[in-house]
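Values in this text are rule-based calculations from the coordinates and carry no lab data. Since the model is a prediction, treat every value here as computed from it, not as a measurement. FYI the Cβ positions are ideal-geometry reconstructions off the backbone, even for glycines, and counts take in every protein chain you see.
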Amino acid sequence: INAEYMGILGYANPGTSLFGQIKRRMLGLRVVAAGHFPQLNAPTSWWLVVRHATAGGFQGCASSCVQEDAAALEAAEKSESEQAPADLERTLKELEPSRVHRLRYCDHLVGARDPLVHACLALDRKDGLRDAVVLRAFDCELADAAATREPHGRLDFWRNCVDRVMLGHRVHHPVADSLLEVVHRRSIRKYYLMRLVTARLPFLPAKSSPSKLQNRDPVEETICADTMADVETFAENTQVMLLRLTLQCIGVRNSVPADHVASHLGKAMTIANTLRALPQSTGLKRCALIPCDVAKRHALDAKDVMAGVVDKPLQDAVFEMATTAHRHFHTAKLLSSDLPPEARAAFSAATPTEIFLEELEKHSFDPFRCVATPLYRKTLWRNLKHRWKNSFV
């Protein structure tokens, strides 16, 4: 940021007015400070630009004010835990005019990443399930951040966003600002959101120098899960956490049966999503979907999987993972009799998992043939049937 101010004051283009350059840089730095550096709020960036400009006297050197504002920059870069909370009522009032557009953005994001789950949540437009769509949009952003060339930096950005959201500060991002409303309306704890962020860290490659980022292949450097226990641990921090947050959004709290059902359904959903994404891994440099112990137990060759070859080792590995997912789903069915009536709407997102496991068994555990089946239409009809029966199974 200091370099930008030095460019304004010391190296102004003679063909452009100095005031015009300062105005454009102020607008650009405000966006940068609000979007990419959440530890800097927008008013701070405006004040720093004006102070740099005036302290230099609009002359050719800004060195006199760099040392003077070092303390101001250091104070602006403090962690959010040391900053005072914002005026929450004022912040929510500022967010109200853009609420419809932000919710539409979250709807489109979840619908593009997971259309089956989005279809189940979109059938019931309660406020609680709308908030669940915002939480799933936040999870989609985290998944996209973990798949970039520099995932650590983007996950750090979202970690800082969580810090700002919990303090009531705006981030000027549609998902983060919608998350701010949901968090303070539903009294969601920071611990649950941070588990969604840190769940991706064990599967990320090591940090690289900036010179190596251009040659990095995110798919090739993806770390495989060693065992099925690692997959279930990842499920506890992602899908299970999303189901529990959905329960909080619809007003179900401190329900032990609901937590048990969410735990088993979340693990079944994660394993089923892993198998459902297997056809999309063909042609990639590395198959990082099937755990290493399962692939080793059935002598599964990753090259055959990447080439789309369906043989007995692949079917045996898929059968083992599908059996684990079905066991969790069956356990959730047995526990569903003790659920509160209002908690059943939160588990409608598990309908695609139920249909996919049925289709997988029908096609002899060939995940490549399940892609051609009309899962979207079946999901809609099955979900309507469950709503009529007031159940999720």
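Peptide packing: for 263-269, 141-147, the average count of neighbouring Cβ atoms within 10 Å per residue gives the ranking 263-269, 141-147, highest mean first. For ALA277 and THR323, the difference between the fully extended length at 0.36 nm per residue and the C-alpha to C-alpha distance is 14.9 nm. The gain in end-to-end length when the LEU95 to ASP311 segment is fully stretched comes to 72.4 nm, 0.36 nm per residue minus the alpha carbon separation.
Give me the net charge for the shell around ARG382: Cβ to Cβ below 13 angstrom, other residues only, Lys and Arg +1, Asp and Glu -1.
Values: positive: ARG377, LYS378, LYS385, ARG387, LYS389; negative: GLU354, GLU358, GLU359.
Result for the neighbourhood of ARG382: +2.
Each of THR227 and TRP381 was given a label point 7 Å from its Cα along the Cα-to-Cβ line. The distance between the two points is 4.2 nm.
Among the listed pairs LYS312/LYS385; LYS312/LYS362; LYS126/LYS362, a Cα-Cα separation exceeding 27 Å is found for LYS312/LYS385; LYS126/LYS362. Distance between the 7 Å Cα→Cβ label points at ASP87 and SER187: 2.5 nm. Modelled spin labels at ASP259 and HIS108, positioned 7 Å past Cα toward Cβ, are 3.9 nm from each other. Given R₀ = 35 Å, what would the calculated FRET efficiency be for HIS363 paired with CYS292, taking r from the Cβ atoms and rounding to 0.05? Calculated transfer efficiency: 0.85.
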